[in-house]
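A.B. asks: For reference, the structure I am asking about is given below.
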Amino acid sequence: MGGEVGAGDPAALALYVHWPFCKSKCPYCDFNSHVREAVEHETWAAALVAEVGRVARQTPGKTLTSIFFGGGTPSLMAPATVEAVIGAAARAWRFAPDIEITLEANPTSVEAGKLRDFAAAGVNRASLGVQSLAEGDLRFLGRQHSAAEALAAVEVARRTFPRVSFDLIYARPGQTVEGWLAELGQALAFGPDHLSVYQLTIEEGTAFHAAVRRGDWALPDEEVQDSLYEATQEALTAAGLPAYEVSNHARPGEESRHNLTYWRYGDYAGIGPGAHGRLSRADGTALATAAFRKPETWLDHVRTAGDGTETQHELDAATRLDEAAMMGLRLTEGVPVARLERIGGAPFHTLIAPRRLERLIAGGFLTLENGTLTATARGRAVLNTLLGELLA
């Protein structure tokens, strides 16, 4: 997969920009997204640019390896806002020669029509929230685009950006392995370089959570979910897009550099409502930051106090070790023992109980080879349980 992006290089930094607004709230979504009738784009552009400047003062001398516009629905942003944020970042930090600048977009015809403007603003990678290619399931998922619109948007994006990814959701009610493989076949017909394929989960506080509690519908049973997962892995690997992370597949070299920074536990700054950051410091300590979640509250604090940060606290070595292991084991490449030792400040055998580690290796859930701790395919399929056992 090439050299690490961000991890281990104290000069590297990734920037996450959160746009909190959506046209409507998807019933499965528990992200920090809000529906507003009107947005003052110039006001929001000014606030985001101001936050870039503030974070830059916290991170002098850094090289920016990626920018990710997430949400919410970033394709609802004015392209001028995107251009202003990228311009401010270019003034604030040195850009890596291969900097990756991603924008998440909904594949409605209106938003697809703005993709060329986003490319002109400096975006070089698009991530499209397709989610399904079945009309009935798109309506079930609360999506505002049709399958035809989604396919057309993927075509436009591929002509517009050098790199394109799109998302799909599986394990939907009533879904069969045969139907899902046919849908994956449609997606693969585009020759994608990157696919994010998520299993539908029911998050507390969402409309889907309430519907399932009422008994309106149910997810496929565990056996079907396992079969759908295995079919996904086999089909995408055969198509040249092996999993490099639990839910992400790519041709070699086309992995999301921005997300690799998270999974490799590199430094990243977050601006915009609800955005999080992890920033290491020269003395070996690290800060965790979180912005105000409500858009109006965040905007008010940026405008009046010059800072949208709600909380900022130092991360102790034990917390950082847990986070680095949790993130690194999501990757098929695993996590280098040297990284865990550097973060934990002690030899590996003192950081994770040897008996616990040996039991998980013997069970076929982990490997420890060539200085790298890796979750096997079996381990990644039950990752949350695995992490609970390993880090208890």
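A.B. asks: Using the beta-carbon distance between residue 307 and residue 110 and R0 = 30 Å, what value does 1/(1 + (r/R0)^6) give for FRET efficiency, to the nearest 0.05?
C.D. replies: Numbers: r = 34 Å, r/R0 = 1.14.
It comes to 0.30.
A.B. asks: Then there is this: Enter the accessible area per residue of segment 138-205 (Å², integer; probe 1.4 Å; all protein chains in place). Don't skip to the end; give the middle numbers.
C.D. replies: Numbers: 2810 Å² over 68 residues.
On a per-residue basis, segment 138-205 sits at 41 Å².
A.B. asks: Here's a follow-up. Using helices alone, what [θ] at 222 nm do you get for the chain, with -39,500 (n - 2.57) per DSSP H run of 4 or more residues, divided over all residues and rounded to the nearest 500? Write out the running numbers ahead of the final one.
C.D. replies: On the way: 17 runs with 165 residues, N = 392.
That calculation yields -12000 deg cm²/dmol at 222 nm.
A.B. asks: Pulled fully out, how much extra length does the chain show between residue 177 and residue 276, if you take 0.36 nm times their separation in residues and subtract their Cα-Cα distance?
C.D. replies: Working: separation 99, 0.36 × 99 = 35.64 nm, distance 3.67 nm.
Result for the pair: 32.0 nm of gain on full extension.
A.B. asks: Which one, 122, 238, 217, projects farthest toward the positive side of the charge dipole computed for segment 117-241 from Cβ point charges (K/R +1, D/E -1)?
C.D. replies: Positive-end residue among those listed: 122.
A.B. asks: Moving on to the next point. Roughly how many debye, to the nearest 20, is the charge dipole of the chain about its Cα centre, given +1 on each Lys and Arg Cβ, -1 on each Asp and Glu Cβ, and no other charges? Mind showing how you got there, number by number?
C.D. replies: Details: 36 positive and 48 negative charges, 155 e Å.
So the magnitude is around 740 debye.
A.B. asks: Under the 0.36 nm per residue contour assumption, what length would be gained going from the current alpha-carbon distance of residue 356 and residue 94 to full extension? Intermediate results must be reported in sequence, preceding the final value.
C.D. replies: On the way: separation 262, 0.36 × 262 = 94.32 nm, distance 4.36 nm.
Here the answer is 90.0 nm.
A.B. asks: Please name whichever of 280, 365, 195 sits farthest to the positive end of the charge dipole of the chain, dipole taken about the Cα centre and charges placed at Cβ: Lys and Arg +1, Asp and Glu -1.
C.D. replies: My answer, from the dipole projection, is 280.
A.B. asks: Ignoring ligands, DNA and RNA, what percent of the accessible area of the chain is carbon or sulfur (1.4 Å)?
C.D. replies: Details: 8740 of 16900 Å².
It is 52 percent, rounded to a whole number.
A.B. asks: Taking 0.36 nm per residue of separation and subtracting the Cα-Cα distance, what length does fully extending residue 384 through residue 188 add? Can you show the working numbers first?
C.D. replies: Values: separation 196, 0.36 × 196 = 70.56 nm, distance 2.90 nm.
Between residue 384 and residue 188, full extension yields 67.7 nm more.
A.B. asks: To the nearest 0.05, how large is the calculated FRET efficiency for residue 214 and residue 23 if R₀ is 30 Å and r is the Cβ-Cβ distance? Can you show the working numbers first?
C.D. replies: Working: r = 26 Å, r/R0 = 0.85.
Step by step, r from the Cβ atoms, then E = 0.70.
A.B. asks: Where in segment 69-88 is the amide nitrogen less than 14 Å from a point lying 7 Å along the Cα-to-Cβ axis of residue 42?
C.D. replies: Label zone hits: 80-81.
The values are calculated or read from the model by the stated rules, or taken from the named source; none is laboratory data. What you see is a predicted model; the values in this text were computed from it and never measured. As a convention, Cβ positions derive from the backbone with ideal geometry for all residues, glycine included, and neighbour counts pool all protein chains shown. Each accessible area value is taken on the protein alone, full model and side chains, heavy atoms only, with ligands, DNA and RNA left out. Shrake-Rupley method; radii C 1.70, N 1.55, O 1.52, S 1.80 Å.
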